[in-house]
Amino acid sequence: MNYLRKELYDLIKSDDYIFDWIQASSLDGLWYWDLERMEEEWMNPKFWTTLGYDPAEMPHKAAAWQDIIFPEDLAIATTNLQKHIADPTHPYDQVVRYRHKNGSIVWIRCRGLAIRDQKGKAIRVLGAHTDITPEKRKEQLLTETNRAARIGAWEIDLVNDAIYWSEVTKEIHEVPYSFVPDLATAINFYKEGESRTIISQCIEEVIAKGKAFDVELQLLTAAKKELWVRVIGQAEFYGGVCKRIFGTFQDIEKRKLAEIQLQKERKFLQKLIDSLPVNVYVKNLASRKILVNKQELAFLGAKELAEVLKDDNYYPPDITKITLEEDRSVFATGQPIINKETLTIKNDGTKTWFLISKIPLFNEEGKIDSLLGISYDITKYKEAEEMLRKYSILETKTKEMEQFAYIVSHDLREPLTSLQGYITLLIEEFSAHIPEDAKYILDFSIETINRMDALVHELLSHSRLSQVKELAKLDCYKILQEVLVDLSASILKNEVEFEVGKLPTILAYPVKIKQLFQNLISNAIKFRKKNVAPVIFITSKKVDKGWQFQVKDNGIGIPEGEKERIFQIFQRLNKEDYEGTGIGLANCKKIVELHNGGIWVTSKLGEGSTFYFTILTEEI
Ligand code: ADP
């Protein structure tokens, strides 16, 4: 035996003070119980001071402490004592609770050793108390905190192949505290599918590679309740082998549901603003867009919000400056801007007219923290407005022109008729006195006057075109017949051959349609090829909202570059060879436009022309 140990043991035996000092400084209570007289028990002073009592007042009786120990703990201790008496290898060691004199709980680790006689019969028990109240309180506090936060602990001891779940972990799984899990049952608590696959993978990887994990998964509790949990785990390695994995286990159902709900609401909100036919955005106090709808994204030419967040430099500096000033005024005054007409020019030069509204948004404390922008694209209305403005100027001008043409042509006819009369009179009355060559000049004058009269006449009818009357149902076939009768002299003279296809009944201004056919047919006869008898083909076909007609001839044709010009007033080709005023086709154009239609020509020089026109009055 070590000499110091021997010395200490001798010291203890010879000097009571030494033993007293040891037991008082290392223990919180010492007791010695007589099993043959169970009511007799000696307790040292520290035993009582630890429990808040004055040792001098406390009797050395077992009943003294049995009165203040928690009854359920006494039952456990008694059972344990009996087991220890029967079998010395069964430890007498448990934590029991005493009621302190001030009413609080004192947690005591109570250990005992049975002292036996020579026959092995237990006659005394020597016991020791250790006050573990501070640790217990801390533990309790931690459990309560964890319970409140619904955070539990778990551990897998790979050496002993055991799983540990803390109380809260068991509560979350809805299993009794006595439940003893194993790895397979623990994993089977996770919802089949994604959750179970993920946790299995995590466990595998943390064991194999020590890869820590932190995942949010769905659990199916023992009571078959679905629950979102957050599982965090890490490994403890020794000698390259994983010995233990452990971590926390948290019920995050409430947060997760709130999160899912929030996501749903966000999605709904996004869908809502995406479906609005206006540009919508939210800007923060730094005038940066933090939310945009689909329309705004498309306008900016960005694919997603992230792009806009990274770089929102879409406008030239002067435009940016105005925008910033507007934003600042909304933030500073809280006054919204409503429906302000604004021309926005982007860096790429595209111009858009918007009706802009900027509305301040307030946070929960009632302070402005952002603004809602709504921009309605009114470019097409602006363009229409501009067109209308131009059109109304044009219309006024056209009216003035027509008025002028009407007055001039009307007033011109009178002196012209007089002039014609005078010259005719001159020839008739004084023909005997007029030299032959002067007669020739007079004849020529008459001819010129006639031509001028025709011109004035046509000008007059052209200017009257806009003053047309009412639409009527009219059979185009009949109209054509009338025209052919009117033109019969010219038709016979030129030996014209006609082919007529189907012609419809249309809604139109009768006189005008007759004029239209007359102009086109007389042109087709007039611009015939010498030595080739004219053949004119007239037909029609149904088109959307009306009819398309064609008048085809085998005449001289029209040069490529002139096909549009000929529809303008006073524009004539072949002036030397053919008579005319250059008003006919302009009239035709005006007539078809009056019927919402158009007129155009296809032609091959020397082979003939086909004039097409449409009458689109069906929905009027
Ligand atoms: P005008 O017949 O009085 O000259 P129009 O306005 O009727 O005036 O026609 C304008 C021009 O278009 C004519 O001068 C002629 O050169 C050309 N043109 C019109 N119809 C035909 C046609 N069927 N074939 C060839 N040229 C044509």
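The values are calculated or read from the model by the stated rules, or taken from the named source; none is laboratory data. These figures come from a predicted structure and were not determined experimentally. Note that each Cβ is placed from the backbone with ideal geometry, even for glycine, and that neighbours are counted across all protein chains shown.
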ask   = From Ile583, Ile615, Ile620, which residue is closer than 26 Å to Glu470 by Cβ, within 12 Å of the ligand (Cβ to nearest atom) and either at pLDDT 95 or above or among the hydrophobic types (A, V, I, L, M, F, W, C) (or both)?
value = Ile583
message = Which of the numbered conditions does Glu562 fail, given that it passes all the others? Conditions: (1) away from the ligand (no atom under 13 Å from the Cβ); (2) surrounded by 13 or more Cβ atoms within 10 Å (Cβ to Cβ); (3) at pLDDT below 95.
response = (1)
inquiry  = Quick check on this structure: which one of Phe549, Phe570 is within 16 Å of the ligand (Cβ to nearest atom) and more than 24 Å from Glu607 (Cβ to Cβ)?
reply    = Phe570
request  = Kindly indicate whether Leu459 is within 60 Å of the chain's Cα centre (by Cα), within 16 Å of the ligand (Cβ to nearest atom), closer than 23 Å to Arg572 by Cα and not polar (S, T, N, Q).
outcome  = no
ask   = Counting only residues that are within 11 Å of the ligand (Cβ to nearest atom) and on the phi > 0 side of the Ramachandran plot, which one in the range 586-612 is farthest from the chain's Cα centre (by Cα)?
value = Gly606
inquiry  = Please verify whether Lys514 is more than 11 Å from the ligand (Cβ to nearest atom), under 17 Å from Tyr612 (Cα atoms), under 60 Å from the mean Cα position of the chain (by Cα) and crowded, with 18+ Cβ neighbours inside 10 Å, treating the condition exactly as stated.
reply    = yes
task = Mind telling me which of the residues Ala235, Ala222, Ala186 ends up being part of a helix (DSSP H, G or I), within 27 Å of Trp165 (Cβ to Cβ) and not β-branched (Val, Ile, Thr)?
result = Ala186
note = Condition set within 16 Å of the ligand (Cβ to nearest atom) and out of contact with any Gly (no Cβ under 8 Å at 6 or more places or on another chain), scope the range 532-546, selection farthest from Leu487 (Cα to Cα): answer is Val532
key: Candidate set: the range 72-110, residues that are among the small types (Gly, Ala, Ser) and not in a loop (DSSP other than H, G, I, E, B); chosen: the one nearest to Arg124 (Cα to Cα)   = Ala86
task = Give the residue that is farthest from Leu276 (Cα to Cα), with candidates limited to residues of the range 376-399 that are of a type outside the set (Val, Ile, Thr) and in contact with a helix residue (DSSP H, G or I) (Cβ under 9 Å, 6 or more places away or on another chain).
result = Lys399
